[in-house]
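The values are calculated or read from the model by the stated rules, or taken from the named source; none is laboratory data. All values derive from a computational prediction rather than experimental measurement. Heads up, the Cβs are rebuilt from the backbone with ideal geometry, glycines too, and the neighbour counts pull from every protein chain shown. Protein only, heavy atoms only, side chains kept; ligands, DNA and RNA dropped before computing areas. Shrake-Rupley method; radii C 1.70, N 1.55, O 1.52, S 1.80 Å.
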Amino acid sequence: MRVLTVVGNRPQFVKAAAVSSRLRSVGVEVLVHTGQHYDDALSRVFFDELALPRPEYRFDLGGGSNTEQTARMLSELAPLLASEAPDVVLVYGDTNSTLAGALAAAQAGVPVAHVEAGMRSYDRRMPEELNRVLTDHASSLLLCSSPAAVATLQAEQVVGEVVLVGDVMVDVFELLAPRADASMLEQLGVTAGDYLLATAHRAGNVDDPERLRALVEVLTGMPLPVVLPLHPRTRARLTEAGLLDALDGVIVAPPLGYLEFAGLLLGARAVLTDSGGVQKEAYLAGKPCITLRDTTEWRETVEAGWNVLVDLDLPAALDALQRPAPSERPPLYGDGRAGERVVEALVRMQG
Ligand code: UDP
């Protein structure tokens, strides 16, 4: 079996870490990094910490609009698929790299396998939502994190085979949480249980200066210290809008490696985020999550009472922070063996 895997940004490096080595024990993997995230803080550190194999191909296709970026990726991937002749193309999540990998493969007649298939926020203004829907409908093998994702795909009548595997981020979190690095707490001057961990980088929150101002108001209006490992996109938008200095009292850190971030997560009282992966990891860590969006594709966490959608509404965020954590935390996204099932499904697909 010859699998060409396309990754390009931080959450995809995390997800691929649950699959790549295992895949290489049963077949050949050609790992392609599109360079969607080229910053070392968002890329290289993850290859090192997560023991992800070095990519066989590394492009530099980040930047520009979503359309331009996807188009550049398609132009690079089409000849690569012709020369590498994989049996299947494997893609993760919902980024431009996901869609470009899926579309280039489908157009070349190569079957597509999509990990994290069937997630929906039902907000078509999000570029990620478009990427998810289009990728799912171009895929031959749809590997789902939850039973709800399976039901969604069945309702949409996708043509590919739908398989429930669980969530690969659970595998990685379970494996690495015991090695989480708590040294950042001291470095940033915070005490376990006594601060909030925040991340924000969705286009819908940071690209519009009015929304960005509202985000700053939420972060500066919290009753506890807020630690903000700042995504380069958000830093750039804050700088352009002259708002970087308005983050009064917020403890701004650079983007962190997985183990440092997990250390801060495990020490936090609660999490404020617009990230999909961080909503999930907050749940896994048993931390209440306040999601800075009005929709989520990780609805199970909301239904379980661990996640509250507040958009950029400060009073709603303050209210959510007062809510006691639920007493139960069922395993919503599998048992930490999703990577194994992804590989099994790929092998079955070849047979
Ligand atoms: N993450 C990290 N360092 C940080 C912020 C996030 O390692 O400073 C990890 C986080 O633990 C999760 C992933 O990055 O595994 C989430 O990525 P991101 O929020 O960029 O993407 P999304 O999930 O929103 O697509």
Trypsin sites (Lys or Arg not before Pro), loop per DSSP, at most 14 other Cβ atoms within 10 Å - longest free stretch of the chain
126-351
So what does Tyr283 come to for accessible area, using a 1.4 Å probe and Å² rounded to 10?
10 Å²
Where in region 1-57 are there GluC sites (Glu not before Pro) that are in a DSSP coil and have at most 14 other Cβ atoms within 10 angstrom of their Cβ?
none
Å² per residue, accessible surface of the chain at 1.4 Å
40 Å²
For Phe59, tell me the accessible area in Å² from a 1.4 Å probe, rounded to the nearest 10.
40 Å²
How would Leu264, Leu312, Leu175, Leu134 line up by accessible area, probe 1.4 Å, largest first?
Leu175, Leu134, Leu312, Leu264
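So between Arg179 and Val159, what do we pick up on full extension, going 0.36 nm a residue minus the alpha carbon distance?
The Arg179-Val159 span can extend by a further 3.1 nm.
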With a 1.4 Å probe and every protein chain left in place, tell me how much accessible area Asp313 has, in Å² to the nearest 10.
70 Å²
Rank these residues by their accessible area, most exposed first, probe 1.4 Å: Ser65, Ser75, Ser97.
Ser75, Ser65, Ser97
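Quantify, in whole percent, the carbon and sulfur part of the accessible surface of region 295-351 (1.4 Å probe; protein heavy atoms only). Before the final figure, lay out each step's value.
Values: 1510 of 3010 Å².
After summing per-atom areas, the C and S share lands at 50 percent.
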Distribution output for the chain: share of Cα-Cα pairs per 10 Å bin in percent, first bin at 0, values 5, 26, 36, 24, 8, 1
Using a 1.4 angstrom probe on the protein heavy atoms only, line up Ile251, Ile290 by accessible area, largest first.
Ile251, Ile290
Between Arg2 and Arg124, what length comes free when the chain is fully extended (0.36 nm per residue of separation minus the Cα-Cα distance, one decimal in nm)?
40.5 nm
GluC sites (Glu not before Pro), restricted to region 61-155: which are DSSP loop and have at most 13 other Cβ atoms within 10 Å?
none
Just to be sure I understand: with springs between alpha-carbon atoms less than 10 Å apart, which residue in Gly305, Gly118, Gly93 has the highest mean-square fluctuation in the Gaussian network model of the chain?
Gly305
